[in-house]
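K.L.:
Next up is a structure, given as structure tokens.
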Amino acid sequence: MKIRRILIANRGEIAVRIIRTARKMKIETVAVKTAVEPNAIFLSDADVIYDNTEDNSEIPVFLNIERLIEIALETKCDAVHPGYGFLAENAYFAQKCQDNGINFIGPSPDAIHKMGYKTIARKIALSAGIPMAMGSEGNIGNEEEAVAIADRIGYPVIIKAASGGGGRGMRIVRNPGEMEKMFIIASKEAEKAFNDPSVFIEKYIENPKHIEFQVLGDKHGNVIHLGERECSIQRKHQKLLEEAPSIALDDDLRNMMGKIAVQIAKAVNYYSAGTVEFLLDSEKNFYFMEMNTRIQVEHPVTEAITGIDLIEQQIRIAAGDTLKFRQKDIKLRGWAIECRINAEDVQSGFAPDPGKIEKLSLPSGANIRVDTGVQAGSAIVPSYDSMIAKLIVKGKDRRDAIKNCKLALDKVWIKGTKTTLPFFRMLVRNPKFLNGTFTTAFIEKDLDKYYLNSEYEEMLAAWLATKLFIEENLMDNSINVDFENSREMSPWLLNKRINQF
Amino acid sequence: MATTGPKVKKLYALSSENKRFCFSQPLKHSIRIGKHDYEVKLKADEKYGTYILWKNRKYPVEIIRSRQNKYEILFNDISYTFTVETPFSMQRMKVLNASKGKNEKETLKAPMPGKIIDVLVREGSTVLRGEPLVILEAMKMQNEILSPVNGQISKVLTKPNTNVMKDDMLIEIKVD
């Protein structure tokens with residue numbers, strides 16, 4: 001089943017990432033050009049661009065199963081890589097690819113279905129003897145049922161979407177009085193996001209660490225793990241910074257959790273790359289949360305410490321190859337940190353700040369990897385996620401990685417939209433982050449300020465404001481300004497003005 | 001504001017958190033830290049856009065908004081709002097502030113552009129601080145917009161399925 005040509009059913013940095021490996025493997029790629037982003041840089045990396053700009057369908061092409069199959073057939077692709085998000089965890093899409101003789105680069109439709117449907121995944125994990133938080137047997141129908149279960153397992157509980165993931169359709173309930181409202185919100189959000197309002201309930205583990213294991217399985221029944229990733233730095237269940245390995249694990253715990261991760265994967269005959277997510281409490285008890293049946297955004301930190309190209313493995317596994325390494329061959333070397341540089345306003349609670357990237361300069365070096373799908377002039381559009389770039393920094397140990405990360409962060413230059421950079425600049429100096437005791441509650445509970453506050457920087461900003469005031473009001477040669485009428489000023493005005501000096 | 005160049009010898013930049021930065025006029029192109037003056041340069045080029053060069057480091061700068069004497073500056077990815085006052089206007093402001101009463105009305109604004117999914121309160125509802133009032137969907141996430149105060153809803157200015165821009169007014173609350 002040799003793979004010769006892959007349709008990239010995705011966009012942005014992950015499309016760029018997949019194309020990079022395909023090229024290395026001498027496999028051709030087809031990228032889809034949309035009207036939303038006709039100049040996206042992943043297009044110029046692909047061997048073939050399929051022009052879909054005339055598509056008038058209501059559904060975006062990356063979510064349009066029929067259309068993607070048509071494109072794959074028309075462009076003679078023998079495989080499809082779904083990336084993450086969109087249809088990456090859609091069992092029906094995987095099945096449709098199979099039915100049309102197209103190799104879906106991911107797990108089997110059956111494994112996607114079982115792990116994607118959280119209540120089924122729970123049952124499978126339960127019968128495999130995997131440690132889990134207590135919860136409802138299956139879906140719950142209404143808030144009365146929810147209250148009854150919560151009374152049994154004890155508050156706080158968490159309502160989760162049965163078809164969910166990525167934090168959507170999730171709500172924590174601390175007392176029976178909140179149940180009705182939270183049940184409705186979670187269910188509505190689930191319906192909207194996953195086309196399925198079903199929810200279930202679990203005991204809420206307070207202040208856990210989010211630890212996930214990367215697994216790799218082939219089509220011949222071999223499954224191994226590539227160690228863990230620490231993803232506790234999140235807000236609203238959206239990860240912001242990930243590292244590998246985790247400071248919370250020693251070799252014994254790593255081996256134990258890794259074995260369980262492999263066991264879960266084997267329970268659904270898993271092949272391709274996958275991620276088993278656990279919650280780890282303060283007593284180092286761990287609970288299976290869910291399995292993500294796709295490549296993860298944060299996969300580069302694992303690549304950095306194992307030296308294994310996960311996209312390459314996905315492609316080889318899809319082609320039917322046997323895994324080239326066994327568990328004992330996997331050695332974790334050094335430490336890696338990934339910062340998700342998003343177009344978000346940290347001063348307004350991480351609100352998305354879409355816009356045009358005016359200037360962009362990203363660091364490079366032996367310890368640095370940057371995965372991005374944008375360049376200066378690109379737009380971060382509201383219809384997609386707000387990611388600008390992933391900054392992945394390596395070091396020989398955690399301290400070294402953090403030190404390198406601090407330096408790299410100061411070399412990132414982005415103008416045109418607000419970004420999460422000030423958050424990371426603060427984080428790499430935060431004592432709790434440095435000593436590793438942070439949990440998933442860190443951003444919401446341990447921080448008063450989401451960004452680094454420098455007295456000098458504020459003073460320089462004040463100097464600039466004063467300079468502008470003088471130019472506008474006190475200088476004879478200033479541009480005439482109607483002082484009583486307020487007005488908006490675009491940033492390029494500043495450029496013009498500086499040139500006058 | 002009748003000010004002419006030579007008469008003003010000092011200017012104050014007041015931050016939104018009421019921090020006061022004093023600068024001499026004409027403005028020096030340096031900032032003093034301890035006993036040393038460090039040169040400040042405002043520059044622009046094709047690669048970086050506009051930036052401030054200080055102590056051998058470039059900091060990206062941008063003017064986000066300029067409204068009368070109020071400036072919102074983006075400095076190294078953080079925005080700061082300053083009002084720039086002369087000694088005269090500063091004095092006048094102090095007098096005005098002293099006579100101003102307590103703010104009795106709170107307006108809830110959209111913190112980000114998006115779509116209103118649900119409005120959880122009606123006019124006349126009594127709300128507590130931290131209670132969700134509106135559900136706003138933005139970039140695939142549903143966000144609860146919480147009441148900043150205890151009070152009574154005096155006006156609902158939005159409805160479900162409305163698209164809103166950042167800072168659009170959503171709800172008015174009479175503060176208890």
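K.L.:
Using the 10 angstrom Cβ neighbour count as an exposure proxy, how do A:426, A:257, B:141 rank, fewest first?
P.N.:
Working: A:426 17, A:257 25, B:141 20.
Lowest count first: A:426, B:141, A:257.
K.L.:
How are the Cα pair distances of region A:5-105 distributed, in percent, across 5 Å bins from 0?
P.N.:
3, 14, 28, 27, 20, 7, 1, 0
K.L.:
In addition: If the reach is capped at under 15 angstrom between alpha carbons, list the aspartates and glutamates near residue B:41, excluding any in the same chain fewer than eight residues apart.
P.N.:
A:457, B:62
K.L.:
Which ³J(HN,Hα) values, rounded to whole Hz and listed in residue order, are derived for region A:134-148 from phi using the Karplus coefficients 6.51, -1.76 and 1.60 in 6.51 cos²θ - 1.76 cosθ + 1.60 with θ = phi - 60°, glycine and proline given as x?
P.N.:
With coefficients 6.51, -1.76 and 1.60, one gets 5, x, 6, 4, x, 5, 10, x, 7, 5, 5, 4, 4, 4, 4 Hz.
K.L.:
When chain B is modelled as a GNM with alpha-carbon springs shorter than 10 Å, which of B:92, B:32, B:20 fluctuates the most?
P.N.:
Of B:92, B:32, B:20, the Gaussian network model singles out B:32 as fluctuating most.
K.L.:
Starting from the Cα gyration tensor of the protein assembly as shown, take the square roots of the eigenvalues, sort them a ≥ b ≥ c, and report rounded, prolate or oblate (rounded when a/c is under 1.5, otherwise prolate if a/b is larger than b/c, else oblate). All intermediate terms of the calculation are to be shown ahead of the outcome.
P.N.:
Numbers: a/c = 1.87, a/b = 1.50, b/c = 1.24.
Cα axes put the protein assembly as shown in the prolate bin.
K.L.:
Also, quick follow-up: How large is ³J(HN,Hα) for each residue in region A:373-388, as worked out from phi by the Karplus curve 6.51 cos²θ - 1.76 cosθ + 1.60 (θ = phi - 60°), to whole Hz, x for Gly and Pro?
P.N.:
Coupling constants for region A:373-388: x, 10, 9, 4, x, 6, 10, 8, 8, x, 6, 10, 6, 9, 5, 9 Hz.
K.L.:
How about residue B:105: which aspartates and glutamates have a C-alpha closer than 13 Å to its C-alpha, ignoring those fewer than 8 places off in the same chain?
P.N.:
Candidates past the 8-residue exclusion: B:172, B:176.
K.L.:
Moving to a separate point now. With a sphere of radius 14 Å drawn around the Cβ of residue A:365, what net charge do the other residues whose Cβ falls strictly inside it have (Lys, Arg +1; Asp, Glu -1)? If you can, show how the numbers build up before the last one.
P.N.:
Values: positive: A:369, A:394, A:403, A:406, A:411; negative: A:400, A:410.
Local net charge: +3.
K.L.:
Which of the aspartates and glutamates could a cross-linker span from residue A:266 if the Cα-Cα distance has to be under 20 Å and same-chain partners fewer than 8 positions apart are dropped?
P.N.:
A:89, A:110, A:212, A:218, A:228, A:277, A:290, A:321, A:329
K.L.:
If you fit an axis through the alpha-carbon atoms of helix B:87-99 and take the longest principal axis of the Cα set of chain B, what angle between them do you get, 0 to 90°, nearest 10?
P.N.:
That works out to roughly 30 degrees.
K.L.:
Next up: Restricted to Cα positions, what overall size does region B:8-99 have along the principal axes? Three whole-Å values, descending.
P.N.:
Largest to smallest, the principal-axis extents are 49, 32, 21 Å.
K.L.:
Restricting to DSSP loop positions (anything but H, G, I, E, B) with no more than 14 other Cβ atoms inside 10 Å of their own Cβ, which GluC sites (Glu not before Pro) remain in region A:222-288?
P.N.:
Values: sites: A:228, A:230, A:242, A:243, A:277, A:283; in loops: A:283.
Qualifying residues, ordered by number: A:283.
K.L.:
Let a ≥ b ≥ c be the square roots of the eigenvalues of the Cα gyration tensor of region B:105-175; is it rounded (a/c under 1.5), or, if not, prolate (a/b larger than b/c) or oblate? Numbers along the way, then the final one.
P.N.:
Numbers: a/c = 1.85, a/b = 1.74, b/c = 1.06.
Cα axes put region B:105-175 in the prolate bin.
K.L.:
A further question on this structure: Within 12 Å, Cβ to Cβ, of residue A:144, how many net charges do the neighbouring residues add up to if Lys/Arg are +1 and Asp/Glu are -1?
P.N.:
Numbers: positive: none; negative: A:143, A:145, A:151, A:180.
After counting each charged neighbour, the total is -4.
K.L.:
Full extension from residue A:20 to residue A:151: what is 0.36 nm times the residue separation minus their Cα-Cα distance, to one decimal in nm? Show your work: numbers first, answer last.
P.N.:
Numbers: separation 131, 0.36 × 131 = 47.16 nm, distance 5.20 nm.
Length gained between residue A:20 and residue A:151: 42.0 nm.
K.L.:
How charged is the neighbourhood of residue B:129? Take every other residue with its Cβ under 14 Å from the Cβ of residue B:129, and add Lys/Arg as +1 and Asp/Glu as -1. Walk me through the intermediate numbers first.
P.N.:
Working: positive: B:174; negative: B:106, B:131, B:144, B:176.
Result for the local shell: -3.
K.L.:
Grab the DSSP H runs of chain A that are 4 residues or longer, score each as -39,500 (n - 2.57), total them, divide by all residues and round the 222 nm result to the nearest 500 deg cm²/dmol.
P.N.:
It lands at -10000 deg cm²/dmol.
K.L.:
How about region A:107-206: which GluC sites (Glu not before Pro) there lie in a loop by DSSP and see at most 15 other Cβ atoms within 10 Å?
P.N.:
Working: sites: A:137, A:143, A:144, A:145, A:178, A:180, A:189, A:191, A:202, A:206; in loops: A:137, A:206.
Listed in order of number, the matching sites are A:137, A:206.
K.L.:
Assuming a ≥ b ≥ c are the square roots of the Cα gyration tensor eigenvalues, decide whether region B:22-176 counts as rounded (a/c under 1.5), prolate (otherwise, with a/b larger than b/c) or oblate. Display every interim value, and only then the final one.
P.N.:
On the way: a/c = 3.34, a/b = 1.70, b/c = 1.97.
Judged from the Cα gyration tensor, region B:22-176 comes out oblate (a/c at least 1.5, b/c at or above a/b).
K.L.:
Full-extension gain between residue A:134 and residue A:397, please, as 0.36 nm times their residue separation minus the C-alpha to C-alpha distance. Can you show the working numbers first?
P.N.:
On the way: separation 263, 0.36 × 263 = 94.68 nm, distance 3.63 nm.
Length difference between fully extended and current span is 91.1 nm.
K.L.:
Charges at C-beta only: +1 for Lys and Arg, -1 for Asp and Glu. How large is the resulting dipole of region A:140-245 about its Cα centre, in Debye rounded to 20?
P.N.:
Working: 15 positive and 17 negative charges, 51 e Å.
Around 240 debye, computed over region A:140-245.
K.L.:
Can you list residues from other chains, or at least 5 along the same chain, whose modelled amide H is less than 5 Å from the amide H of residue B:65?
P.N.:
Correct list: B:72.
K.L.:
Given A:267, A:231, A:255, which one lies farthest toward the positive end of the charge dipole of region A:207-333, if we put +1 on the Cβ of every Lys and Arg and -1 on the Cβ of every Asp and Glu?
P.N.:
Most positive-ward Cα: A:267.
Bear in mind these aren't lab numbers, they're just calculated from the coordinates by the rules spelled out. These numbers were taken from a predicted model, which means no experiment stands behind them. Backbone-built Cβ (ideal geometry, glycine too); neighbour counts: all protein chains shown.
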